[in-house]
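The values are calculated or read from the model by the stated rules, or taken from the named source; none is laboratory data. From a predicted model like this one, the values you see are computed outputs, not experimental measurements. A quick note on method: Cβ atoms are made from the backbone with ideal geometry, for glycine too, and the neighbour counts reach across all protein chains shown.
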Ligand code: BF8
Ligand code: SF4
């Protein structure tokens, strides 16, 4: 890669510097591999390659008689729909398995097992219990935790038609009716995934609409799994509160033992954080100043939100953390971990430590995470990192001077506390009143990954800056939030630099009253990808306060650089929730005009939400702003009409 190519690959200066080093040592990073994959196969790119049975792959060539269908006769629309919803199934499986793991741990804590964990946030437990109908009066915390965890686990394998508890008790009445009317209300997360794999087996469903509805049902199962993962992680480890930290490769400290926590599930990473506090002396005995933990991907978000742990980098640049020569160990659990980390680690002293039975990398260290002895597992991992530190080669170190301040930790509870500083009786009205008054245009959620079809972090940053200038209140999760953290957008300085006058005034009003230790940031970091559930509770609260269903709320979502199957699942349930969803890539749906039209246009008629596929950040921003304007305008017209009607009724 040349200098110019580095600039096209990423907007992050820390990453560029490490890419130069990679070139020097002859290591091909994910950026080189992305380039080597060009040009992409058009069949795969447009979704019309079917590999669902072993007669395939069948590729659809519309003008070639016989090849305009698969060998079994499947049409383009069946193939595109099947491929799309199978991605949703993969995403839902990943998110909800994570949730199931947390729920099982809560159950074990309640049963007196898993002794290294405890119920940290009993207020949250009581709130969740009351919401889902678990009795609380006069009961022990462990009894309540037992019943809440059991209710969560029941959402995975219910055999009757009762709706999944977390969806049923969290969405608006209007959405519940919609999900029941369209038969997409799930009863069982695992059951809906299995049903969808059956539905899309060769020779089962060829109706693309029916297949898409099956996919949406699974996406709601995904939301259910995310929601209970968030709730029960808060119960186990505490509900996030505003915290100040730092982000980017400059957080790696040359004088400390550096351990990167990478993956998704807080069960192990939070334990490493807790245990590390007691193990600073062991690091000092090895000649370091102490232990420095930092995060990559969503496990990084989990420990940032609850413990203020720094962010090292996000998905696409995970290899470049190792490239600094400063990382003594990367501890990984599940999801979004590049298999290439291991071969790169061979060029350095870095130990890659896998911890989950379903997520191993050949040649790396495997310390199977054992919930019964979680603290001991965490200690063993830290000791390996300390050993590794002793082998660090000073000649291979490349310091990065890039790091930015981060203000994060905005759970829904923390956001409501902020709004309550202005209006304690009705906190959410602070946000909805500002929209009604036109001070802010609406709310945008930024979520999702990095995708090297574009420039790393560029879409994230450019869209957010433009939305800020247009007075949009922004919340973020996942690698999107990490992109903002790395670039300094989760700060008060960013408000000064980028917010429009309305957003600035709004944030100032809250900031002055709330009197936090830190200033309010431009974008409110709500957590990991499963914490997109927090953004749905924001949407639901707004809808209820405005007296409308969710499709009428000026609320949009954007995954500026989506990559994973989980992102597809999240985008799909946002659409079912009635939200316009921008994605910064063209999804492989264009091979069927019908399916592409359904997901980008017709979906709006049924659910109110739809996908906007737009890789160009300028156009993407314009489309998001147009969707917000349209909703805000309709909201105003409708509420004026309602007021007029009520006045004439009263006469
Ligand atoms: O669950 S945003 S690259 S780390 S999939 Fe993965 Fe995408 Fe990052 Fe978080 Ni979410
Ligand atoms: Fe081909 Fe049909 Fe098999 Fe798909 S399911 S690979 S279209 S024969």
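For segment 422-512, give me every one of the helices (runs of 4 or more DSSP H) that falls completely inside it and has 1 or more residues that are under 19 Å from residue 10 (Cα atoms) and either without any contact (Cβ under 8 Å) to a residue 40 or more places away in the chain or more than 15 Å from ligand 1 (Cβ to nearest atom) (or both).
458-469, 478-487
Among helices (runs of 4 or more DSSP H) lying entirely in segment 1-104, which contain 1 or more residues that are under 21 Å from residue 209 (Cβ atoms)?
In segment 1-104, 42-46 are the helices (runs of 4 or more DSSP H) which contain 1 or more residues that are under 21 Å from residue 209 (Cβ atoms).
Being modelled with pLDDT of 95 or more and away from ligand 1 (no atom under 16 Å from the Cβ) is true for just one of 523, 586. Which residue is that?
586
Collect the residues in segment 414-431 that are closer than 18 Å to residue 302 by Cβ and touching a helix residue (DSSP H, G or I) at 6+ places or on another chain (Cβ under 8 Å), keeping them in residue-number order.
Across segment 414-431, the qualifying residue is only 415.
Going through 454, 438, 478 one at a time, which residue ends up being on the phi > 0 side of the Ramachandran plot and either assigned by TED's automatic domain parsing to the domain that holds residue 33 or surrounded by fewer than 24 Cβ atoms within 10 Å (Cβ to Cβ) (or both)?
438
Here's the yes/no breakdown for (1) within 12 Å of ligand 2 (Cβ to nearest atom); (2) within 30 Å of residue 228 (Cβ to Cβ); (3) surrounded by fewer than 20 Cβ atoms within 10 Å (Cβ to Cβ):
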residue	(1), (2), (3)
49	yes, no, no
56	yes, no, yes
63	no, no, yes
66	no, no, yes
71	yes, no, yes
79	yes, no, no
82	yes, yes, no
89	no, yes, no
94	no, yes, no
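Conditions tested, residue by residue: (1) away from ligand 1 (no atom under 16 Å from the Cβ); (2) modelled with pLDDT of 95 or more; (3) in contact with a helix residue (DSSP H, G or I) (Cβ under 9 Å, 6 or more places away or on another chain).
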| site | (1), (2), (3) |
| --- | --- |
| 55 | yes, yes, no |
| 63 | yes, no, no |
| 78 | yes, yes, yes |
| 128 | yes, yes, yes |
| 137 | yes, yes, no |
| 145 | yes, yes, yes |
| 151 | yes, yes, yes |
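Quick check on residue 556: is it under 19 Å from residue 178 (Cα atoms), touching a strand residue (DSSP E or B) at 6+ places or on another chain (Cβ under 8 Å), more than 16 Å from ligand 2 (Cβ to nearest atom) and at pLDDT 95 or above?
So residue 556 does not fit the description; no.
May I ask you to list the residues in segment 299-315 that are in contact with a helix residue (DSSP H, G or I) (Cβ under 6 Å, 6 or more places away or on another chain) and farther than 18 Å from residue 365 by Cβ?
Across segment 299-315, the qualifying residues are 302, 303, 306, 307, 309, 310, 311, 312, 313, 314, 315.
Within segment 559-578, how many residues are closer than 17 Å to residue 264 by Cα and either touching a strand residue (DSSP E or B) at 6+ places or on another chain (Cβ under 6 Å) or assigned to a strand (DSSP E or B) (or both)?
Qualifying residue count, segment 559-578: 2.
Keeping to segment 603-651, report how many residues are closer than 26 Å to residue 213 by Cβ and loosely packed, with under 15 Cβ neighbours inside 10 Å.
The qualifying residues number 2.
Assess whether residue 128 counts as being part of a loop (DSSP other than H, G, I, E, B), outside the structural domain of residue 571 (by TED's automatic domain parsing) and crowded, with 21+ Cβ neighbours inside 10 Å.
Against the criterion (part of a loop (DSSP other than H, G, I, E, B), outside the structural domain of residue 571 (by TED's automatic domain parsing) and crowded, with 21+ Cβ neighbours inside 10 Å), residue 128 does not qualify.
Looking at the structure I just gave you, is residue 352 closer than 24 Å to residue 233 by Cα and not assigned by TED's automatic domain parsing to the domain that holds residue 106?
It is false that residue 352 is closer than 24 Å to residue 233 by Cα and not assigned by TED's automatic domain parsing to the domain that holds residue 106.
Got a sec? Which of 408, 385, 378 is touching a strand residue (DSSP E or B) at 6+ places or on another chain (Cβ under 8 Å), in the same structural domain as residue 317 (by TED's automatic domain parsing) and closer than 30 Å to residue 241 by Cα?
Unique residue meeting the criteria: 385.
With 50, 41 as the choices, which residue is away from ligand 1 (no atom under 16 Å from the Cβ) and more than 24 Å from residue 336 (Cα to Cα)?
Only one candidate passes the filter, namely 50.
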